[in-house]
Amino acid sequence: FNSYNDGIYVYSLEDPLNPQLLFHLEIPGEHIRFAVRDNILVVGPHQNRGPLTVYTYNLNGEYQEICQFGNFYCMELTFLSHYLILLTFRDDLYNIYDFQDPASPLLIHSIYETEFYFNSFYKNALIFHPSYEYCSYEYLEEHPAVYKFIDLTDPSTPITSFFLADSELIAIIDDTIATGRGYNHGDICVLLGDFVSGFETASIIAEYPK
């Protein structure tokens, strides 16, 4: 995990009741967003627009910067195989980089998206919520929301599809269950369905205070 201006700490959770510190990477700065693959660490800028920094590291806590690239407002970072998935805010972009050569990341997709905004990662997919600029609460009281599903099973060839949900999705539990918040009443609910036929509210967990 990261800490405020004190680098990144790596713990073993082999015994969840007794976490053990393995090493500490004393990388300067605030590292709210980062992604790890093997001995490669990619760190995004905090709050301001800036480049992503790529490091190599070892289990002794030693690290070395190998490159910087891009200029983004970084929102989310994750690795899928040797591909880095980068989502930004303000820029309305999602980007996919090939990291086979970490010293020279190769941009293979850069998609400009304004009608949807990022909701969550789920398995090997990105889920995007409809932008409220294009889909108001008044509309959603009467119509299910359209979500965008981007399958990144092969990140070099993203596959886009769409599904409906009658409540705002909070979390995808598995392929058939999600939790959400009602658009017209704010209740926390459980939704059932799938990414083809869509998700519908099946039960209410907690009612919004009236």
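Coordinate-derived values only; no laboratory data. Bear in mind the structure is a predicted one, so any value in this text is a computation, not a measurement. FYI the Cβ positions are ideal-geometry reconstructions off the backbone, even for glycines, and counts take in every protein chain you see.
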Seminar exercise, completed: With label points set 7 Å from each Cα along the Cα-to-Cβ direction at residue 89 and residue 200, the distance between them in nm comes to 3.4
Problem set entry | Calculated on alpha-carbon atoms, Rg and Dmax of the stretch 1-85 in Å | 13.1, 40
Exercise. Of 104, 197, 12, which is the most mobile in a GNM of the chain whose springs link Cα atoms less than 10 angstrom apart?
Worked result: 12
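Going through the stretch 10-65, which GluC sites (Glu not before Pro) have at most 13 other Cβ atoms within 10 Å and a DSSP loop state?
14, 26, 62
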For this session: Mind checking the full-extension length gain between residue 18 and residue 154? Use 0.36 nm per residue of separation minus the Cα-Cα distance, one decimal, nm.
Result: 45.3 nm
Exercise. Roughly what would the spin-label model give for residue 162 and residue 67, points 7 Å off Cα along C-beta, in nm?
Worked result: 3.7
For this session: Would you mind computing, in nm to one decimal, how far apart the modelled labels at residue 121 and residue 188 are, each placed 7 Å from Cα along Cα→Cβ?
Result: 2.4
For this session: With percent of Cα pairs over 22 Å apart in mind, check (i) 58; (ii) 54; (iii) 62 and report the label derived from this structure.
Result: (i)
Seminar exercise, completed: Largest fluctuation, 102, 28, 51 only, Gaussian network model of the chain with Cα springs under 10 angstrom, belongs to 28
